[in-house]
Amino acid sequence: MTTGLDDRQRAMLAEMGIRVWAPRAAARAPAADEQAAAPVAPQATPAGRSDATRPRAATSAAKPAPPPLPAATPPEHDPAQPAATLAPRPAGIESMDWAQLEAAVAACRACALCTGRTQTVFGVGSRRADWMVIGEAPGENEDRLGQPFVGQAGKLLDNMLAAIGLSRQADADDPVASDGTPTRQGVYIANVLKCRPPRNRNPQPDEIAQCEPYLRRQVALVQPRIILAMGRFAVQSLLNTSEPIGRLRGRVHQYEGVPVIVTYHPAYLLRALPEKAKAWQDLCLALEVAGRGASATASASASNPISDSEHQ
Ligand code: URA
């Protein structure tokens, strides 16, 4: 009896930290980098997001290393500040270019979260990406470093993306076609909220509403082939629904004409390891919809090779 997986599929699953059961004779010893990619339980936060402070390990030599995480932890801020410090969002977000949009986000004082932030967290990756990943909100590390998903959840996200050949590398590394035009590839990662909620609490409806035009414009500028909505708040914000993720998975939704695949938040996957198999299915569906990796999708969806007991 075999697992029915070829080397490429095994490598993908290993990148995600998923171990596949195999008969003893056929089982191979895990490589050192697989062990490094295995998730480490994060510190629980009120919002359930990962805020572990260990630096993220690079998942490939080509990938730019994220900036090191500072050791010092600044005091938590409470954004309950006088309303006088707030100001309406700028007009014309829907026609802003990248520079204007980034400046508008950096200067935004439309909700009380601006009073507690160290900096805004705009987004990272290729601005011509085929894939767009949308998460919830910056945590402590993201607030300090100005980049989304830099903690343990971010490490898992990077591994998941690596499993399908994507990384958060920036525009400068985009390949150029023979006519000099940058070719579309890669991934752009952004959050529903651009400012950290205090003590990592859940985003509030008014905060999501204030930030929504920025995200909408990011999507319009990137024009991705596929959006991967990770976690409850990304899903609720993009799809305007309160249905649980479990009921929304496995289908293709739409946001502004872009196909959306719903999946679990990486911080949740760190706490619920068996759900990683579902996240893998979601990635396969996204690959299929994005028109990439058709062969991997066909064999992965034919039968799920991963049973819950294999993750214990
Ligand atoms: N969780 C998110 O949803 N986004 C981040 O940037 C970090 C953690």
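For region 231-277, the tally of residues that are in contact (Cβ under 8 Å) with a residue 24 or more places away in the chain and touching a Phe, Trp or Tyr at 6+ places or on another chain (Cβ under 6 Å) stands at 1.
Candidates in region 150-177 are the residues that are within 8 Å of the ligand (Cβ to nearest atom) and in contact with an Asp or Glu (Cβ under 7 Å, 6 or more places away or on another chain); of these, the one that is modelled with the lowest pLDDT is GLY151. Of the residues examined, VAL258 is not one that is crowded, with 17+ Cβ neighbours inside 10 Å, within 16 Å of the chain's Cα centre (by Cα) and within 18 Å of ARG127 (Cβ to Cβ). Just one of the numbered conditions (1) within 13 Å of the ligand (Cβ to nearest atom); (2) in contact with a Lys or Arg (Cβ under 8 Å, 6 or more places away or on another chain) is not true of MET230: (2).
Here ASP97 meets the list (1) crowded, with 22+ Cβ neighbours inside 10 Å; (2) at pLDDT 95 or above; (3) not β-branched (Val, Ile, Thr) almost entirely, failing just condition (1). Put simply, of VAL219, VAL262 the only residue that is of a type in the set (Val, Ile, Thr) and assigned to a helix (DSSP H, G or I) is VAL219. When the residues of region 274-289 are filtered to those that are out of contact with any His (no Cβ under 8 Å at 6 or more places or on another chain) and of a type in the set (Gly, Ala, Ser), the one that is farthest from LEU157 (Cα to Cα) is ALA286. When region 134-155 is limited to residues that are under 9 Å from the mean Cα position of the chain (by Cα) and either part of a helix (DSSP H, G or I) or not small (Gly, Ala, Ser) (or both), the one that is surrounded by the fewest Cβ atoms within 10 Å (Cβ to Cβ) turns out to be GLY154. Here VAL222 does not fit the description of being buried (at least 16 other Cβ atoms within 10 Å of the Cβ) and under 22 Å from ARG117 (Cα atoms). Scanning region 107-130 for residues that are within 16 Å of the ligand (Cβ to nearest atom) and hydrophobic (A, V, I, L, M, F, W, C) returns LEU113, VAL121, PHE122, VAL124. The requirement of being surrounded by fewer than 16 Cβ atoms within 10 Å (Cβ to Cβ), in a helix (DSSP H, G or I) and touching a residue at least 40 places away in the same chain (Cβ under 8 Å) is fulfilled somewhere in region 197-205, by at least one residue.
The residues of region 253-282 that are within 18 Å of ALA234 (Cα to Cα) and of a type in the set (Gly, Ala, Ser), listed by number, are GLY257, ALA267, ALA279.
The values are calculated or read from the model by the stated rules, or taken from the named source; none is laboratory data. No experiment lies behind these values; they were computed from the predicted model shown. Cβ coordinates were reconstructed from backbone atoms using ideal geometry, including for glycine residues, and neighbour counts include every protein chain displayed.
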